[in-house]
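Here's the structure we're looking at; comments come further down.
The values are calculated or read from the model by the stated rules, or taken from the named source; none is laboratory data. Small disclaimer: the values here were computed from a predicted structure and weren't measured. All Cβ positions, glycine included, derive from the backbone under ideal geometry; neighbour counts span all protein chains shown.
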């Protein structure tokens, strides 16, 4: 009889429901006690039994056994009311007045698994008793109207009215609470959107925002048959300022440069800090107005040439600018940005302090990059790649919960090539598909070995490239690897960047849905640096957010990024998602994350990335080391 009722797991809600059951059962017992005083002696013992059952209900509620308490209370009251009606006036008995209240309680406290059986019983009872009375199989006992009728009516109305009032009041409070929670989630989303689209140092737009703006404006330009110009601005001798006067002076220089540039651009132009001492300007123009773009480029260079006065020091710098046009030089943000970058480097090669416009004669890649591309094709075959694993730590108890797989490339000479250098090249050539599949397989083999050695809860996170999604067969490849390695799908997490979710959402979502059905989990990498849209998080079934290390690394020394990190954690809590902080390198940063309620983290504070055997050895040492409670 006692089917499980899906109560909320929130402890406060549990306690509140228990109090309500105690209050209602106590009120019902008091009402039955009053009714017993004036009741017919034939039914007094039934009332006494009913009071006894209510005492048992109250005991179960006090013990937090709500499923039993609610079922017992509602079925006992239903049977008790039915017995009173059977012994007295049948379907005319006022005891049946309480039936609707019992149904209301069952809908609120128990759900449909309790409501429909009770409703069916009540209808069946009323129908059977009515027909039995009509055809003489049951003789109803009709009382003359008396004082007991008034008492019974008052007791039933008081019991049902008060109980309904407190339950409806709880529902109203719940709706207010949900509305407030929704408001806080919206505020956090707006805060993240505002902070994530702005460069925190200069107050300009960041790269991700500019990329989104380019897509929007390029569509407009195509309709209007106009053009877009991308101006890639780079300070020529910024590094000596940082080296001689420190990063504070360099930051001040960048902020002042941003202010100067802002004064030169039009209302419809978009200026962003691309990174370091590089800026991008996006402006629209009509065919034949290329001269105006030249004037803008020269004005930016002249603005950089004017001296800066920082920390009582006169600083002189210069700038080089590369220009590319859409659609003449490219139709995508990455392509146009790359060509403007090449033009900027051409300006540097030509003497600096000038601008250059991209043309097809400019080499798309430097000789070093061309050599690297050639080496990439043989790197897999020559076993030059390795996979290393950085542990991910539960901040609640310090235990290891998983690892992120990171690829490393060691040349035959012994020198290491940074992933930031070869991954973009591998993506541009398509080699990343084979490399990514190899990393996935190696990671699953390693994780399966860890689990077989006793670390049953270990998981592994593998980064994906948008090119692997474009290949179209990612779910099939993942399933094959899991089958061959014996790794459970739930132990594999695939990391995606926000831009991947934006770019080709239909194509990406179809494959992600297949992987999600398989049991594979997803994490959003570098969260906060891109679009940070709640809709994408919910649509793509992401279970974890990884806060980019650029927001984490200075938490212990500066409060600049704390509002953004705190907002991400609060938003993730509202969506029942886990947050992983990247780049934790010191105790102060760890303490800040713990105070904010961050769930997990990784970084050099615990360990750098290690090869599989060293990693498992590190886990065993870490687990055996004593920890502070």
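Does the stretch 442-480 hold any residues that are over 22 Å from residue 543 (Cα atoms) and surrounded by 20 or more Cβ atoms within 10 Å (Cβ to Cβ), and which are they?
442, 446, 450
Against the conditions (1) at pLDDT 90 or above; (2) touching a strand residue (DSSP E or B) at 6+ places or on another chain (Cβ under 7 Å); (3) surrounded by fewer than 15 Cβ atoms within 10 Å (Cβ to Cβ), where does residue 411 fall short? Just the number, please.
The failed condition is (1).
Scan 130, 111 and give me the residue that is in contact (Cβ under 8 Å) with a residue 12 or more places away in the chain, in contact with a helix residue (DSSP H, G or I) (Cβ under 6 Å, 6 or more places away or on another chain), closer than 30 Å to residue 70 by Cα and surrounded by 12 or more Cβ atoms within 10 Å (Cβ to Cβ).
None of the other options fit; the residue is 130.
What do you reckon, is residue 602 buried (at least 18 other Cβ atoms within 10 Å of the Cβ) and over 14 Å from the mean Cα position of the chain (by Cα)?
When the stated conditions are applied, residue 602 passes them.
Just need a number here: residues in the stretch 343-361 that are surrounded by fewer than 22 Cβ atoms within 10 Å (Cβ to Cβ) and either part of a helix (DSSP H, G or I) or at pLDDT below 90 (or both).
11
So which residues in the stretch 223-247 are under 35 Å from the mean Cα position of the chain (by Cα) and modelled with pLDDT under 90?
247
I need the full set of residues from the stretch 409-436 which are part of a loop (DSSP other than H, G, I, E, B) and touching a residue at least 40 places away in the same chain (Cβ under 8 Å), in order please.
Listed by number, the list holds a single entry, 431.
(1) out of contact with any strand residue (DSSP E or B) (no Cβ under 7 Å at 6 or more places or on another chain); (2) modelled with pLDDT under 90: which one isn't true of residue 613, the others all being true?
Residue 613 satisfies every listed condition except (2).
Given (1) surrounded by fewer than 19 Cβ atoms within 10 Å (Cβ to Cβ); (2) under 45 Å from the mean Cα position of the chain (by Cα); (3) in contact (Cβ under 8 Å) with a residue 12 or more places away in the chain, where does residue 92 come up short, assuming only one miss?
Answer for residue 92: the failing condition is (2).
In this structure, does residue 599 turn out to be in contact (Cβ under 8 Å) with a residue 12 or more places away in the chain and assigned by TED's automatic domain parsing to the domain that holds residue 551?
Yes.
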